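I have placed the structure first, in the form of structure tokens, so that the comments after it can refer back to it.
The values are calculated or read from the model by the stated rules, or taken from the named source; none is laboratory data. Computed from a predicted model, the values in this text were never measured in an experiment. Heads up, the Cβs are rebuilt from the backbone with ideal geometry, glycines too, and the neighbour counts pull from every protein chain shown.
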Amino acid sequence: MRRLLQYLRFLVAVQLLPALESGEETTLVGGQAVLEGVMMRSPHAWGICIRRPDGTMATHAEPLEKLSDKHKWMAWPFVRGIMTLGQAMTLGFRALRYSADIALDELRPEGAKEEKKGEISGWVIAVNLILSLGFFIFMYKFVPLLAATKLKNHYPVFGNQILFNVVDGVIRIALFLLFIWGISLWADIRRVYQYHGAEHKTVFAFENNDPLTVNNAQKYVTWHPRCGTSFLMTVMLIAMLFYMLVPATTFWARFASRIALLPVIAAVSYELIRFAAKHGSSLFAVMTKPGLWLQRITTQPPDDTQVETAIAALNEAMELEKQRGGELVIA
């Protein structure tokens, strides 16, 4: 039963991946909450720390290469957004799998741990990814469009292109908020949200050149403007504008356009956030405000052991970064 619950936690956490991690490759450090731990990354390395049930910590670190360092075209505007987000999601999934493997290993009988590690099998991962993609398309593309279409059929006023897509977008955001809030009622996911808060506090301490101690990190807030939650909200708002420009009028034509425009909307959102962050703090603040509000749910105040775990993860990444010649000081 406990193994089944672990698999379920893993499945739900995969749905949260975009909201729990940051995909901006130009920042010095970023991270992601995982199951009972935190993953932290620097420009050339990533580290992870998982808190075991007995209080000890499992740590791991690996080198990380920017895709744009190997292929210059991947740094082109709009292309870089898709590449960076894809790499961030891949790394996030690896970190999440590592945390789930540690949890499953702890469930094995003591004598059996040395024989075989309790890793999640490949077929479970494949099924999980298919279910996650299917859930995303159904919940955030099909359902809002179907609901908006039904409303249009009953109330012709919603046939207006702008009004139709506003209704569609509002329903999409409402479903997302309901999902984020609903799973926060599950104690295990609430702990993930606490580790999310610990990650943000630790990043804030690092960015402000504070010594990485629990007391220093705890004085910061849990919501951060570069969080994936802010990016997701920006994507949803921009999507409404894009859909207003699509001349499709039938249900299936609109549905197909929503799938086809996914990478375009993500790329444009990435570039807008990047531009706003570099050229206008006030514009950046406006764009990230909805995401900061939503982080009142996706981040929760962590306890000291959770902050300690986040600091250990960042130290793992920074130690490997130092070995690879990386710069560790914020200007």
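The requirement of being over 22 Å from residue 171 (Cβ atoms), crowded, with 16+ Cβ neighbours inside 10 Å and in contact with a helix residue (DSSP H, G or I) (Cβ under 9 Å, 6 or more places away or on another chain) is satisfied by residue 272. At least 2 residues being touching a residue at least 24 places away in the same chain (Cβ under 8 Å) and under 20 Å from residue 84 (Cβ atoms) is the threshold, and among the helices (runs of 4 or more DSSP H) wholly inside the range 165-273 those reaching it are 187-207, 228-244.
Here is a check on your reading of the model: is residue 100 at pLDDT below 90, under 23 Å from residue 300 (Cβ atoms) and not charged (D, E, K, R)? Spelling it out, residue 100 is indeed at pLDDT below 90, under 23 Å from residue 300 (Cβ atoms) and not charged (D, E, K, R). Going by what's in this entry, would residue 69 be described as modelled with pLDDT under 85, within 23 Å of the chain's Cα centre (by Cα) and closer than 22 Å to residue 31 by Cβ? It is false that residue 69 is modelled with pLDDT under 85, within 23 Å of the chain's Cα centre (by Cα) and closer than 22 Å to residue 31 by Cβ. The residue of the range 153-181 that is nearest to the chain's Cα centre (by Cα), among those that are small (Gly, Ala, Ser) and modelled with pLDDT of 90 or more, is 174. Scanning the range 278-331 for residues that are in contact with an Asp or Glu (Cβ under 9 Å, 6 or more places away or on another chain), modelled with pLDDT under 90 and not in a helix (DSSP H, G or I) yields 327, 328, 330. For residue 210, the conditions (1) modelled with pLDDT under 90; (2) in contact with a Phe, Trp or Tyr (Cβ under 9 Å, 6 or more places away or on another chain) all hold with the exception of (1).
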